[in-house]
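Colleague: A single structure is presented below for examination.
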Amino acid sequence: MTAYPGPAPTRDEQATVAAVVVTYDSGESLTEFLDSLQQASAREVEVIVADNGSMDGAPEVADKRAGVRVLNTGQNLGYGKAANLGVLSSSADWVVVANPDVVWTPGSLDELLAVAQRWPRAGSIGPLIRTPDGDVYPSARQLPSLTRGIGHAAFGWFWPTNRWTAAYRQDHTDLRERPAGWLSGSCILLRRIAFDSVDGFDPSYFMYFEDVDLGDRLGRAGWLNVYAPSAEVSHVGAHSTARHAEAMLTEHHRSAYQYLSRRYSGVGRLPIRLALRIGLALRAKLAPRLAEVAERRRARLQADRGDRHVR
């Protein structure tokens with residue numbers, strides 16, 4: 001694919017780069033992703049569309065573009081498993097794994113690679129991610145713990161500034177280049193040797209928490225997960241999952257239990273796992289109602305700020 005004109009690469013920048021984008025009825029967002037990726041790097045970037053059985057024709061359109069290769073998985077394998085297949089189909093030294101509803105800013109991929117050169121033990125590098133409204137999405141977080149998880153789950157809906165949610169999300173507290181516990185899998189640059197050393201994403205996670213688990217395992221293997229806010233992308237989010245919101249909510253809580261129960265294994269921790277299962281099941285059931293309450297509260301706060309501004 002044609003890259004934006006940039007400076008000639010140094011010897012350290014000669015490593016090969018691939019981008020794996022996982023799709024499932026992603027629509028026009030895939031075209032926008034590929035268009036913006038052309039401006040994200042001065043390098044030649046191999047692009048692999050790992051398609052999980054789309055029926056909307058978007059992968060077929062993408063397949064006609066130069067430098068883009070579609071890998072049909074044959075069915076909806078989930079995010080991590082499809083990403084693994086995409087990475088395995090390439091021999092690139094660096095691989096970006098991303099959602100199709102990500103939009104790159106010019107030069108942002110090259111900036112991620114530049115940050116990686118400053119951190120030789122970085123196994124993954126993640127950009128600053130903005131929402132469509134321009135807000136910073138908390139994409140570099142601490143690993144979940146029992147205390148932070150319970151506090152965030154219980155109070156995050158109506159008290160987003162509580163200390164447990166703030167400690168976990170770290171969304172507005174530390175926007176600097178730094179190591180993190182884990183990075184959002186919606187857009188992440190992976191050092192191939194590090195990714196291979198931990199056998200990639202755990203395929204047992206269908207969706208959600210595969211990025212948390214990867215960050216944890218990379219850290220345990222001696223690699224760093226580095227947040228790089230000097231590189232910036234935007235993420236629309238939930239393009240294909242919005243049509244299946246209830247199922248995805250259930251899957252999110254199932255994956256949360258899978259992650260936490262594995263960290264609290266053993267016979268002696270059976271009561272903890274039982275409490276986690278009950279608590280997460282209850283939270284999944286209450287989540288739609290709690291989300292409505294939180295949204296109404298947010299709308300009232302915005303309206304109150306608007307009234308004060310007018311007066």
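Colleague: Assuming R0 = 25 Å, can you tell me the calculated FRET efficiency for the pair GLU28 and LEU88, based on Cβ-Cβ distance, to the nearest 0.05? Mind showing how you got there, number by number?
Modeller: Numbers: r = 28 Å, r/R0 = 1.12.
Approximately 0.35, to the nearest 0.05.
Colleague: Turning to a different aspect of this structure: Got a sec to turn the phi values of segment 84-95 into Karplus ³J(HN,Hα) couplings, 6.51 cos²θ - 1.76 cosθ + 1.60 with θ = phi - 60°, whole Hz, x for Gly and Pro?
Modeller: 4, 5, x, 5, 5, 7, 10, 10, 5, 6, 10, 10
Colleague: When a/c is below 1.5 the answer is rounded, else prolate if a/b is larger than b/c, else oblate, so apply that to segment 24-91 with a ≥ b ≥ c taken from the square roots of the Cα gyration tensor eigenvalues.
Modeller: Values: a/c = 1.96, a/b = 1.26, b/c = 1.56.
Here segment 24-91 falls in the oblate category.
Colleague: Would you mind computing, in nm to one decimal, how far apart the modelled labels at ALA221 and SER265 are, each placed 7 Å from Cα along Cα→Cβ?
Modeller: According to this spin-label approximation, the distance is 1.7 nm.
Colleague: Considering amide H positions built from the backbone, and no H for Pro or chain starts, which residues 5 or more places from ALA228, or on another chain, come under 5 Å of its amide H?
Modeller: GLY126, LEU128
Colleague: How large is ³J(HN,Hα), in whole Hz, for each residue of segment 54-60 in order, when computed from phi with the Karplus curve 6.51 cos²θ - 1.76 cosθ + 1.60 and θ = phi - 60°, using x for Gly and Pro?
Modeller: Computed from phi, the couplings for segment 54-60 are 4, 10, 9, x, 4, x, 5 Hz.
Colleague: Okay, moving on. Positive end of the dipole of segment 88-148, charges at C-beta (+1 Lys, Arg; -1 Asp, Glu), about the Cα centre: which of VAL102, ALA92, ALA122 has its Cα farthest in that direction?
Modeller: ALA122
Colleague: Further question on the same structure: Measuring from label point to label point, each 7 Å out along Cα→Cβ, what is the ARG69 to ASP135 span in nm?
Modeller: Spacing of the two 7 Å Cα→Cβ label points: 4.0 nm.
Colleague: HN-Hα J couplings of segment 184-196 from phi, Karplus 6.51/-1.76/1.60, θ = phi - 60°, integer Hz, Gly and Pro as x?
Modeller: For segment 184-196, the Karplus-derived couplings read 4, x, 5, 6, 8, 8, 10, 6, 4, 5, 6, 4, 5 Hz, x marking Gly and Pro.
Colleague: Taking the Cβ-Cβ separation of GLU44 and ARG178 as r and a Förster radius of 41 Å, what is the calculated FRET efficiency to the nearest 0.05?
Modeller: It comes out at approximately 0.85.
Every number in this text was worked out from the coordinates using simple rules, so none of it is lab data. These numbers were taken from a predicted model, which means no experiment stands behind them. Cβ coordinates were reconstructed from backbone atoms using ideal geometry, including for glycine residues, and neighbour counts include every protein chain displayed.
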